1. Could you run the Karplus curve 6.51 cos²θ - 1.76 cosθ + 1.60 with θ = phi - 60° over the range 162-173 and give me ³J(HN,Hα) per residue in whole Hz, x for Gly and Pro?
2. Show log10 I(q)/I(0) for the range 44-153 at q = 0.13, 0.18, 0.19 Å⁻¹, two decimals, from a solvent-free Debye sum over equal Cα scatterers.
3. Using the C-alpha gyration tensor of the chain, what are the square roots of 5 times its eigenvalues, in whole angstrom, with the largest one first?
4. Between their Cα atoms, which of LYS60/LYS177; LYS60/LYS81; LYS2/LYS86; LYS60/LYS115; LYS2/LYS200 are more than 31 Å away from each other?
5. Determine the calculated [θ] at 222 nm for the chain from helices alone, applying -39500 (n - 2.57) to every DSSP H run no shorter than 4 residues and normalising by the residue count; nearest 500 deg cm²/dmol.
6. Quick one: Debye curve from the alpha-carbon atoms of the range 71-228 only, equal weights, vacuum; give me log10 I(q)/I(0) at q = 0.14, 0.16, 0.20 Å⁻¹ to two decimals.
7. For a quick size check, give me the Cα extents of the range 144-241 along its three principal axes, largest first, whole Å.
8. Return the inverse of the average 1/r over all pairs of distinct C-alpha atoms in the range 1-69, which is the Kirkwood hydrodynamic radius, in Å to one decimal.
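What follows draws every value from the coordinates through simple rules; no lab data is involved. Please read these numbers as outputs of a predicted model, since none were measured by experiment. Cβ coordinates were reconstructed from backbone atoms using ideal geometry, including for glycine residues, and neighbour counts include every protein chain displayed.
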Amino acid sequence: MKDKFYVTTPIYYVNARPHIGHSYTTIAADCLARHMRALKGAENVFFLTGTDEHGQKIQKAAQAAGINPQDFTDKMVLVYKELWKKLDISYDYFVRTTEERHVDCVRRVLEILLKKEDIYLAQYEGWYCTPCETFWTGMQLKEGNCPDCGRPVEKITESNYFFRLSRYQDWLTGYIKDNPDFILPQNRRNEVLSFLELNKLTDLCISRPKERLNWGISLPFSPDHVVYVWFDALINYISAAGAFDAQDVYRSKWWPADLQLIGKDILRQHAIYWPIMLRALNIEPPKRIFAHGWWMVGQSKMSKSRGNVVSPLEMADAFGVYA
């Protein structure tokens with residue numbers, strides 16, 4: 001489709017209720033989608049949002065609530081959908097990472113990448129941050145803690161599957177240099193380029209053993225493992241917009257996305273992991289990734305895990321949706 005516009009928000013993690021940071025991104029995408037519908041016609045615009053429903057934080061939140069993870073996510077999804085209804089968000093599709101369409105696509109991606117030898121099994125030892133659901137090396141830690149959130153980490157040794165990020169580092173560096181509008185604003189582009197030029201990418205651990213985490217998508221070639229939540233989540237942008245054919249070719253009238261809106265805290269996943277995943281699958285990258293700043297409370301980032309959030313429902317009730 002030539003005259004189309006495909007815009008995405010991140011899919012939101014449902015371990016807790018949404019705050020105004022979530023509504024900020026979604027409202028921005030909604031404004032763009034409405035504008036493009038006026039220019040191009042509603043049939044030529046696709047606005048995607050949704051929820052990220054796997055991983056250790058979800059499993060722990062469900063345990064704390066005394067219910068199973070699927071019931072927990074079903075309940076939390078309603079909270080997000082009710083909020084978007086309250087804020088009059090005009091999304092075209094709401095993707096859930098627990099839905100069959102997405103699960104099937106993730107498994108297909110894994111099978112394709114395994115066949116290409118872009119996935120391999122290895123023993124891994126590293127420092128794991130449960131709130132961020134991320135492994136770090138000892139050199140990456142800050143004062144012994146997670147470099148992203150500053151909280152304690154634990155040392156873990158286990159067999160896992162890895163995705164060969166390192167194989168595509170030179171390609172990504174060149175692509176970003178050749179496409180100055182691929183990552184915006186400019187300071188975020190500079191941040192990613194600087195990281196790629198000063199560091200050697202390590203391959204991405206994309207599985208977790210079920211003995212440690214059982215709430216996730218099972219690997220099609222290893223029933224004892226589930227997919228790492230970030231590898232799973234990123235695939236939503238293509239699982240909701242198309243499908244692979246029998247020859248492992250991805251087909252979609254919407255892809256590539258014209259604009260992917262994110263917060264700056266998930267820039268690494270979207271500007272490094274995601275385009276490399278697409279390259280390995282022979283899929284074109286999104287046209288543009290825009291990383292906005294954080295909502296702050298004092299000197300701290302607004303965060304569900306920190307508990308310093310402002311409710312968008314309370315804001316809407318106090319000031320109205322279109323104030």
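1. For the range 162-173, the Karplus curve yields 10, 9, 6, 4, 4, 5, 10, 4, 5, 4, 5, 4 Hz.
2. Reported log10 I(q)/I(0), two decimals: -0.79, -1.13, -1.14.
3. Working: eigenvalues 158, 123, 89 Å².
So the three semi-axes of the chain are 28, 25, 21 Å.
4. Over 31 Å Cα-Cα: LYS60/LYS177; LYS2/LYS86; LYS60/LYS115; LYS2/LYS200.
5. Numbers: 10 runs with 113 residues, N = 323.
The helix contribution divided over the chain gives -10500 deg cm²/dmol.
6. For the range 71-228, the Cα-only Debye profile gives -1.03, -1.24, -1.30.
7. 43, 40, 23
8. Numbers: mean 1/r = 0.0717 Å⁻¹.
Radius from the Kirkwood sum: 13.9 Å.
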